[in-house]
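Have a look at the structure below, then the notes.
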Amino acid sequence: MSVAKQFGALLLMNLAGIPERLGLVCTIVVGVTCAVGVLVSMLAMGAGARREAMRNVRPDRAILMSLDAPQPILSSITKDTAALIRSLPGIRRNAKGEPIAVAESQVPIAAISKTDRQQVTLQILGVSPGLTDYAPELHLTSGRMFRPGVRELIASNTCVRQFADFAVGDKRRLRGGEWRVVGNFDIGRLAGVCTVYADADTILSSVGRTTYNEVNVMLQSPASFRGLTNALNANPTLGVRAEYEAQVVDEETQQVNGILNFISYFVGGIMAVAATIGAANSLYAIIDSRRFELATLRAMGFGGASIIASVLSESILLALPGAVIGALLAWAFFNGLQASPFGATIHLAVTASLAYLGVGWALSIGVLSGFLPALRAARVPVAVALQAI
């Protein structure tokens, strides 16, 4: 009999005996279910954070920052450079014929969480005129827009829900004096993030700074990005580079996701090790209960390779139901669930790619847990069968 036929016959024999070993089989399935469910549900935080950040990102928006800056918060653009950027080609103009280019500076501010009264650090975004042209998804829900040259703020409704003193009429103490909150708003692309805007030059003056972090521009079309970058390359004295908004947001999201994924894989790894050990013990018990059967098969001419392959395949097939159940449970209980890591509100997203990852995770558990028991099964001596005669 060929190795392939031996393997098929052994695998069918192994699967046919599942009802007799139902308790041990359930131990394997439950262990894999827990490992996959925990991993997928925790990774859903990172997937939800990226989906939230990318929700309203537009292909016709670009962000300009200094050449040596890995991210906008570390960038520095002078006011003269920001003024020159407004004249570059490819930038859309508003109804008044003015280029839609908004200079932005980020300044830290302390805030008190409403849930645990802990102090956290947020960023005030100081912006030059033209914010509503650049971000038409910003909608004031109460109050009004801040005025240039005046110590006024507008805060997203997420800030109002999560932190104290961000409602219209509240006052905030910043370096350089007292600031009043004059408006609250919703903004789709940052729906779950506390966002605060103020006049850029007023903010810079209050903290003693003279440079912006970035300049955000609305492009005439996504294809206009090439013309903008060509103009920047043709004038190296500007010392500025451009990236699509989606690229910048994706890079910033990856930093947060890196932390979330590390925690997810660390906890998921612990669960996977526990599931692997549990599954291996169950498979050892199954092999020990079939020693006479395996020895008889060896005496009949079944090779060690076909026995190893059949036990490994059985282990993998027993892990697959756990993968499916774990992914389904993660989707049923955690998909869309609201969480607030690092002060940002996100909704967990159990995606198809996470489900596939869970299947791969389960297959790995199946292979690792089945390898040593498969070797033991292949090494059962023929003498065991002869002793039972």
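Values in this text are rule-based calculations from the coordinates and carry no lab data. Everything numeric here is computed off the predicted structure, so don't read it as measured data. Neighbour counts are summed over all protein chains in view; Cβ atoms, including those assigned to glycine, are modelled from backbone coordinates with ideal geometry.
Expressed as an acute angle from 0 to 90° and rounded to the nearest 10, what is the orientation of the C-alpha long axis of helix 3-16 relative to the principal long axis of the chain? On a 0 to 90 degree scale, this one is about 80.
Sort largest first and round to whole Å: the equivalent ellipsoid semi-axes of the chain, each the square root of five times a Cα gyration tensor eigenvalue. So the equivalent ellipsoid measures 62, 23, 15 Å along its semi-axes. Note on CYS26/GLU252: beta-carbon distance plugged into 1/(1 + (r/R0)^6) with R0 of 41 Å gives a FRET efficiency of 0.40. The value of relative contact order for the chain, using C-alpha pairs under 8 Å at least six residues apart, is 30 percent.
Descending by average beta-carbon neighbour count within 10 Å, the peptides 237-249, 268-280 line up as 268-280, 237-249, the highest first.
Available extension along the chain between LEU375 and VAL267 is 35.9 nm, counting 0.36 nm per residue and deducting the alpha carbon span.
So how far, in whole Å, is the C-alpha centre of the stretch 246-308 from the one of the stretch 43-111? Their Cα centres are 45 Å away from one another.
Going by alpha carbons, how many degrees (0 to 90, nearest 10) lie between the helix axis of 304-334 and the longest principal axis of the chain? Once rounded, the angle reads 40 degrees. Cross-link partners for LYS79 among the lysines, with Cα-Cα distance under 27 Å and sequence neighbours closer than 8 places in the same chain left out: LYS96. Straight-line cross-link reach from LYS171 at under 19 Å between alpha-carbon atoms covers these lysines, not counting any fewer than eight positions away in the same chain: LYS114.
Ranked by the mean number of other Cβ atoms within 10 Å of their residues, highest first, the peptides 311-321, 39-49 come out as 39-49, 311-321. Relative to the longest principal axis of the Cα atoms of the chain, helix 224-234 runs at roughly 70 degrees. 3J(HN,Hα) couplings calculated from phi for the stretch 53-62 with the Karplus curve 6.51 cos²θ - 1.76 cosθ + 1.60 (θ = phi - 60°) are, in sequence order, 5, 8, 3, 10, 5, 10, x, 9, 10, 9 Hz; Gly and Pro show x. Per-residue packing, averaged as other Cβ atoms within 10 Å, sorts the ranges 149-156, 255-262 into the order 149-156, 255-262, beginning with the highest.
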